[in-house]
Amino acid sequence: MTEFIQKRVSNVQNDVLSGITVALALVPEAVAFAFVAGVDPLVGLYAAFMVGLITSIFGGRPGMISGATGALAVVMVSLVSEGNAMGAPGENLGLYYLFATVILMGIIQISAGVLKLGKFVRLIPHPVMMGFVNGLAIVIFLSQLGMFKEMVDGKKTWLQGSQLYLMIGLVALTMLIMWGLPKIKLTKKLPEALIAILLVSAIAIFMNFDVATVGSFIRNGGGEGLKGGLPTLQLETFSKVPFSWETIQFIFPYALILAAIGLIESLMTLNLVDDLTDTRGNGNRECVAQGSANIVTGLFGGMGGCAMIGQSIINIKGGGRGRLSGIVAAVMLLMFILFGSAYIEQIPIAALVGVMFMVVIGTFAWSSFRIINKIPRADLFVLILVSSLTVIFDLAIAVIAGVIFSALVFSWENATRIRARKRMREDGTKTYEIWGPLFFGSITTFLEKFDVKNDPDSVEIDFVESRVTDHSAVEAIFNLVEKYEVAGKTIHLKHLSEECKLLLYKSNPKFREVIIEAVDDPRYHLAANPEKFTKGLFEK
């Protein structure tokens, strides 16, 4: 216990410093995603603060960072625009519909946690996880390319000439510092990302470089700046948005999609952090925490959020392991909004882009290139499919498609594994010994094994190496028994597991006349009569 406490105390410094680094990285991300969603930057910043703070305290994965994310922002665009269209000209009700939707989203996520649906993330195959990681790395990379553009006559165009070269140079310098510091082992006290941001910011400020900063980025997007006050309770939401069936019909589909995307991204990030830290988080607790955070965020004027893989990796690589790192990141973000806006706005965007590029390099599963020729083609296809769909659509669609395809491949492969060995006993009974799982995918192959017309009058089916797993299999067995009985032949089923027999008895009492309670079952005989087998053994 003492060792555990000492370990936690010794990591406080890492948690604090890593939290500060994450807070700096959260600012442009939250602002950018707010612009994507079509809302004020403070709506994104407040969401990053509230979601990050609540999930850090109550979530199921210490060290994981949550906030406003692009995966949710792209869904919110049409919600806000449609909400604006529902009000009078100039009324702009979209923001209030967004708050109401985020509250409903939180309720759905809490329900998922209470119903313990978080465990279903275990059903996600490894190729889907690798595809998710690769796709998300590409999405993060592509999102940072927008920082190499500027507004010209209302349109975004690529930087040109010295501005472009200066931007590339500062990004490269940031990446070089982050790469080189661990090599020279200059210090382990400060995260390399924080040192890189501070050094590059100092160079840009003292050299008076004409580069985009956090402040100019916000103003170019239509915002007034980073400065703001404490979040306030948005009671106007309840007066602006009518509580009616029409409102529920409008916001519920958006809330359901946002809840699904938020939980999938959060739970998969949780799994990734588990792998990086060699620990285990609690998925159901994380669902409840994410839902609670989004309810509070909606009530206090935030755009909602979920786990952020980029910032989570920055935190873990910076030494953040405990809940304190996420709490510090959230509180520091609020301090930036309240008191430090003038300083944070001077940070060059290039420094933050460099940090995110290093996150991309650390996130992408480069091992996927080495295993291309070593894994089944179906798994390779799933990996590429999920990566592509994550980039083209969003995480939820990609993961769901990957899981469905993997399930179909699994079903197909198991459907071909059903086997039947046939032999004749001395008393003239023909025995079919079945191997492999019997389920909806394998029943056709299973039924093809039998020759009802030419079989003798007595037939026995031995399921010693098979399992009856679903209703389709039960129906197939029942139909097979019916065919033999119509042909005037006797059929018995042998060596079914207790679960299989119970399933068959429930489906049709007639099976009690067909199933043999075999005394030579190698799997269940010992459990049924332990005294018979242990008495003589121990006496000897």
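The values are calculated or read from the model by the stated rules, or taken from the named source; none is laboratory data. Note that the coordinates shown come from a computational prediction; the quantities given were computed from them, not determined experimentally. All Cβ positions, even for glycine, are placed from backbone atoms using ideal geometry, and neighbour counts span all protein chains on display. What goes into the accessible areas is simple: the full protein's heavy atoms, side chains included, and nothing from ligands, DNA or RNA. Shrake-Rupley method; radii C 1.70, N 1.55, O 1.52, S 1.80 Å.
Picking from residues in segment 363-405 that are open to solvent by 30 Å² or more (accessible area, probe 1.4 Å), in contact with a helix residue (DSSP H, G or I) (Cβ under 6 Å, 6 or more places away or on another chain) and at pLDDT below 85, the one that is farthest from Val139 (Cα to Cα) is Ile397.
Could you count how many residues in segment 292-333 are in a helix (DSSP H, G or I), under 19 Å from Leu17 (Cβ atoms) and among the small types (Gly, Ala, Ser)?
The qualifying residues number 6.
Modelled with pLDDT of 85 or more, touching a strand residue (DSSP E or B) at 6+ places or on another chain (Cβ under 8 Å) and not charged (D, E, K, R): is that true of Ile337 in this structure? Let's see the steps before the verdict.
Working: modelled with pLDDT of 85 or more: yes; touching a strand residue (DSSP E or B) at 6+ places or on another chain (Cβ under 8 Å): no; not charged (D, E, K, R): yes.
No.
For segment 383-399, the set of residues classified as in contact (Cβ under 8 Å) with a residue 12 or more places away in the chain and of a type in the set (A, V, I, L, M, F, W, C) consists of Leu383, Ile384, Leu385, Val386, Leu389, Val391, Leu395, Ala396, Ala398, Val399, listed by residue number. Screening Ser111, Ser143 for residues that are among the hydroxyl-bearing types (Ser, Thr, Tyr), within 30 Å of Asp15 (Cα to Cα), out of contact with any strand residue (DSSP E or B) (no Cβ under 8 Å at 6 or more places or on another chain) and touching a residue at least 60 places away in the same chain (Cβ under 8 Å) leaves exactly one candidate, Ser143. With respect to Asn284, is the statement that it is open to solvent by 20 Å² or more (accessible area, probe 1.4 Å), in contact with a Lys or Arg (Cβ under 8 Å, 6 or more places away or on another chain) and either at pLDDT below 90 or not aromatic (Phe, Trp, Tyr) (or both) true? Criteria met by Asn284. Residue check: Ile195 meets all listed conditions (1) in contact (Cβ under 8 Å) with a residue 60 or more places away in the chain; (2) surrounded by 18 or more Cβ atoms within 10 Å (Cβ to Cβ) but one, namely (1).
Here's the yes/no breakdown for (1) over 30 Å from Val403 (Cβ atoms); (2) touching a residue at least 60 places away in the same chain (Cβ under 8 Å); (3) in contact with a strand residue (DSSP E or B) (Cβ under 7 Å, 6 or more places away or on another chain); (4) crowded, with 17+ Cβ neighbours inside 10 Å:
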site: Gly118; (1), (2), (3), (4): no, yes, no, yes
site: Ala137; (1), (2), (3), (4): no, yes, no, yes
site: Met147; (1), (2), (3), (4): yes, yes, no, yes
site: Asp153; (1), (2), (3), (4): yes, no, no, no
site: Leu159; (1), (2), (3), (4): yes, no, yes, yes
site: Trp179; (1), (2), (3), (4): yes, yes, no, no
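When segment 235-249 is filtered for residues that are open to solvent by 30 Å² or more (accessible area, probe 1.4 Å) and under 30 Å from the mean Cα position of the chain (by Cα), the ones remaining, listed by number, are Ile248, Gln249. Applying the criterion of being part of a strand (DSSP E or B) and aliphatic (A, V, I, L, M) to the residues of segment 414-462, the residue that is surrounded by the fewest Cβ atoms within 10 Å (Cβ to Cβ) is Met424.
Name the residue, out of Ile257, Ile309, Ile313, Ile264, that is closer than 20 Å to Gly135 by Cβ, in contact (Cβ under 8 Å) with a residue 12 or more places away in the chain and in contact with an Asp or Glu (Cβ under 8 Å, 6 or more places away or on another chain). Steps first, answer last, please.
Values: Ile257 fails: in contact with an Asp or Glu (Cβ under 8 Å, 6 or more places away or on another chain); Ile313 fails: in contact with an Asp or Glu (Cβ under 8 Å, 6 or more places away or on another chain); Ile264 fails: in contact with an Asp or Glu (Cβ under 8 Å, 6 or more places away or on another chain).
None of the others qualify; the one that does is Ile309.
All conditions in (1) in contact with an Asp or Glu (Cβ under 7 Å, 6 or more places away or on another chain); (2) within 20 Å of Arg419 (Cβ to Cβ) hold for Leu493, with the sole exception of (1). One residue stands out in segment 66-107 among those that are among the small types (Gly, Ala, Ser) and at pLDDT 90 or above: the one that is farthest from Leu270 (Cα to Cα), namely Ala100.
Within segment 213-232, the set of residues being in contact with a Phe, Trp or Tyr (Cβ under 6 Å, 6 or more places away or on another chain) and modelled with pLDDT of 80 or more comprises Pro231 only.
Within segment 30-56, the set of residues being in contact with a strand residue (DSSP E or B) (Cβ under 7 Å, 6 or more places away or on another chain) and of a type in the set (A, V, I, L, M) comprises Ala30, Ala47, Ala48, Val51. Scanning segment 407-450 for residues that are of a type outside the set (Ser, Thr, Tyr) and either over 49 Å from the mean Cα position of the chain (by Cα) or on the phi > 0 side of the Ramachandran plot (or both) turns up Arg423, Met424, Arg425, Glu426, Asp427, Gly428, Lys430, Gly436.
Close contacts from segment 344-368, counting a first residue that is over 14 Å from Leu145 (Cα atoms) and a second that is open to solvent by 20 Å² or more (accessible area, probe 1.4 Å) and of a type in the set (Ser, Thr, Tyr), with Cβ to Cβ under 9 Å and a gap of 6+ residues or different chains, come to Glu345/Thr213; Glu345/Ser216; Gln346/Thr213; Ile347/Thr213; Pro348/Thr213.
Quick one: which residue in Gly60, Gly70, Gly106, Gly94 is without any contact (Cβ under 8 Å) to a residue 60 or more places away in the chain and open to solvent by less than 30 Å² (accessible area, probe 1.4 Å)? Being without any contact (Cβ under 8 Å) to a residue 60 or more places away in the chain and open to solvent by less than 30 Å² (accessible area, probe 1.4 Å) holds for just one of Gly60, Gly70, Gly106, Gly94, which is Gly94.
Say we look at segment 255-279 and pick out the residues that are surrounded by fewer than 23 Cβ atoms within 10 Å (Cβ to Cβ) and among the hydroxyl-bearing types (Ser, Thr, Tyr); which of these is farthest from Ile314 (Cα to Cα)? Only one residue fits best here, namely Thr279.
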